[in-house]
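Take a look at the structure below.
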Amino acid sequence: MHAIELPSYKEQSPKVAERFARLKQREVIMEAEGISRIFSSEKEEITALSDVSFKAYRREFLSVIGPSGCGKSTLIRILSGLDQATSGQVLLDGKPVAEPGPERGMVFQGYTLFPWLSVKKNVMFGLEVAGLSRATAESEAMQWIDMVGLADFASHYPAQLSGGMKQRVAIARALANQPRVLLMDEPFGALDAQTRAKMQSYLMQIWRNVDITIIFITHDLDEAVYLSDRILVLDAHPGRVREMVEVPVEQPRSPAQHLNPEFLATKNHIEELIHPPSEEEENLPMIRMTTVQDEIF
Ligand SMILES: Nc1ncnc2c1ncn2[C@@H]1O[C@H](COP(=O)(O)OP(=O)(O)OP(=O)(O)O)[C@@H](O)[C@H]1O
Ligand SMILES: [Mg+2]
C-alpha cells in the first residue's frame, strides 16, 4: 500500500507565515508560566501538569489537545481560577489570576444551565449578579441570545432545548459578561457529529464577530485543526507541552478545507505526536469461522 504524500505541515505559505507573525505582535491576553499541578493523597502523588507555559494572544483561537488524563481539564480549571497551580502562575492582561472572575467566561461539556430559569433568565443571571438593573440586564441578555440565534427561544426552559441549543445558551451566558477570554472544556463532546459540525461553525462566526480570545479543550483532532490558529499538544503522565503547532490552513475556515493537504498534514503530524506509530504491528492469532468461499481479502 502506498501512503499518500502530504506536504510537511511546517511548509507555511507566505500568507500564513505573515498571519502568525501578525498574531504574535498582538497583546498577550492570557499567559501560563511554568504551571505544575500535583495532586497528593495518602497513597500517591499524581503530577497532572508539569511546567506548562504558553501565551494566548488577543483574538486568538488556541486549542489544547492531548490523550485522556494528560491534564487538560486541570489546566483549564487553573486558567479559570477554579483550581490553584502547585507552582507557576497564570497571568491575565499581565496580572496574576487567583480566583474565578468575570473576565474569564467558562463553557463546560456538561450542560450547566439552571433548569428552573428560562433561557433569558439564565443569560441575565450573571449580569444581575454583576449589578446591572433588571431592564439593562434583560436588553443585554437579549442581544447575546440573538447573537447565538436563539431569539425565538428566549422564554423556553433548558429541558425544552436540544443539546446544541443548550450549549449556545451557555456560550451566550459566558459572553454576556464580556470576558477577555472564553475558556471551553470539550463543549461539544456530548453532541452528535452533525450538531457538533454546526456548533463549530456557529462558534467560528461568534469568534469572528466578537473581540474575544478562545482557549478550547478538545480531544477531537479534526475539530482542533478546523477551529484553531494554534494547537498546544500535551503529553500525558505528567502532562507537559509536547509542541505548539501553528495551523497552516488559511483563515477564514470553511468545511471544504477538511480535505486540504495542509489540513491533513497537520492532523497527521498531531496524530503522530499523540500516538507515535508502533514499531511493529502485533500479529494476533486467527480463529477461522469462514470457509474458503467466504474469503473477502
Ligand atoms: N481532584 C483530583 N484529585 C486527584 N487527581 C486528580 C484530580 N483531578 C485530576 N486528577 C488527575 O490528574 C490527571 C489529569 O486529569 P484531567 O481530568 O485534567 O485530564 P484530562 O486531560 O482532562 O482527561 P480527559 O481527556 O479524560 O478529560 C489524571 O491522572 C487525573 O486522575
Ligand atoms: Mg477533561
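The values are calculated or read from the model by the stated rules, or taken from the named source; none is laboratory data. Keep in mind the model is a prediction, meaning the values are calculated, not measured. Please note: Cβ atoms are built from the backbone with ideal geometry, for glycine as well, and neighbour counts cover all protein chains shown.
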Based on what the data block shows, is Gln167 of a type in the set (S, T, N, Q), buried (at least 16 other Cβ atoms within 10 Å of the Cβ) and either assigned to a loop (DSSP other than H, G, I, E, B) or modelled with pLDDT under 95 (or both)?
yes
Name the residue, out of Ser68, Ser73, that is in the same structural domain as Val233 (by TED's automatic domain parsing), closer than 28 Å to Leu273 by Cβ and assigned to a loop (DSSP other than H, G, I, E, B).
Ser68
Scan the range 43-51 and give yes if some residue there is away from ligand 1 (no atom under 12 Å from the Cβ), over 17 Å from the mean Cα position of the chain (by Cα), within 16 Å of Gln89 (Cα to Cα) and acidic (Asp, Glu), otherwise no.
yes
Collect the residues in the range 63-78 that are more than 11 Å from ligand 2 (Cβ to nearest atom) and in contact with a Lys or Arg (Cβ under 7 Å, 6 or more places away or on another chain), keeping them in residue-number order.
Ile78
Please indicate, with yes or no, whether at least one residue in the range 19-41 is within 13 Å of ligand 1 (Cβ to nearest atom), under 24 Å from Glu223 (Cα atoms), touching a residue at least 40 places away in the same chain (Cβ under 8 Å) and basic (Lys, Arg).
no
Residues that are more than 22 Å from Ile171 (Cβ to Cβ), within 15 Å of the chain's Cα centre (by Cα) and buried (at least 22 other Cβ atoms within 10 Å of the Cβ), drawn from the range 197-244:
Leu234
Near pairs, Cβ below 8 angstrom, 6+ apart or cross-chain, from the range 44-62 (β-branched (Val, Ile, Thr)) to any residue that is outside any strand (DSSP E or B)
Thr47/His237; Thr47/Pro238; Val52/Gly71; Val52/Leu75
How many residues, within the range 123-141, are out of contact with any Pro (no Cβ under 7 Å at 6 or more places or on another chain) and either buried (at least 17 other Cβ atoms within 10 Å of the Cβ) or touching a residue at least 24 places away in the same chain (Cβ under 8 Å) (or both)?
10
